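Values in this text are rule-based calculations from the coordinates and carry no lab data. Computed from a predicted structure; not experimentally measured. Ideal geometry is used to build each Cβ from the backbone, glycine not excepted, and the neighbour counts take in all protein chains shown.
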Amino acid sequence: MTERAWHAPRIRVAGGDSANLNLLFYGRPMIRSMTAFGSATHNDSLGTVALELRSVNSRFLDLHFRLPEDLRHLETGCRERLQAALQRGKVEIRVNLQRAAVHHTAPLNQEALRALANTFLQVQKVIPEVRAPELGEVLAWPGVRAEENPTATWDAAVFAALDAAIQQLQTSRADEGSRLARAMLELTEQIESIADQLQAEMPRILEAYRERQARKLHETFEAAFPQGLQHISGAEISERLAHETALFSLRIDVA
């Protein structure tokens, strides 16, 4: 058997120390963890937007939206922002709105009020005992309060909360990636230590292997040819040597 030098693999953190754990193999950034959470809130004159992102492992980027009906039109914009920031993972996006308290000093829509009154009179003609609506019911009637269209304000609040939540999600993923890199580095150092020990032991291991092989062959030939090898041809000896060597190699490899 030809003895060859056996070298342990060397894996080091880029830069020569363990501080830069996100550059572990060949200076390439570690893959970030896909299991993470991010949340953010944004206060606006209309109220508060609370947004949560939950990400788990997935081969592709799989986005699931849980939006109030008032914000359904924002799904495309949110999707574009997430696709620009993430490449993989199953991500759930949940948005909740908490509207600010409504003060009754806002102007009223006179046309909507007259329409509501006409509707009440028509109903009263058919059902005379129907009661008149309370003030709160009148003010809550769709279109009665002359409010400005809040769509653009909600859009800005949702996108601001989404950007902040994405940033928190990315930070969480990077932190988890650093922890994984640290664990991988520790395991790599353990493997390296074991490999160094094996390298130091290789001469002794090879010598012991040769001695065991020679002893086994000697015992085999004594058992097979107790009268000696004078009447055995060279071809038969070579064939028997090859056969016994192969069997012994298999046994010692399993052992």
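Quick check on the exposure proxy: order Ser233, Ser33 from fewest to most C-beta atoms within 10 angstrom.
Ordered from fewest to most neighbouring Cβ atoms within 10 Å, Ser233, Ser33 come out as Ser233, Ser33.
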**Q.** Distribution of pairwise C-alpha distances over the stretch 56-104, 5 Å bins, in %
**A.** 5, 17, 25, 19, 13, 9, 5, 3, 2, 1, 0
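With a ≥ b ≥ c the root eigenvalues of the C-alpha gyration tensor of the stretch 151-210, is it rounded (a/c under 1.5), prolate (a/b larger than b/c) or oblate?
Working: a/c = 13.12, a/b = 7.45, b/c = 1.76.
Prolate shape, in that a/c is at least 1.5 and a/b is the bigger ratio.
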Q. Which order do Val126, Val144, Val56 fall in if you start with the one that has the fewest other Cβ atoms within 10 Å?
A. Val126, Val56, Val144
Q: Highest first, please rank the peptides 197-203, 160-166 by the mean number of other Cβ atoms sitting within 10 Å of their residues.
A: 160-166, 197-203
Q. Which ordering of Leu121, Leu63 is given by a fewest-first count of other beta-carbon atoms within 10 Å?
A. Leu121, Leu63
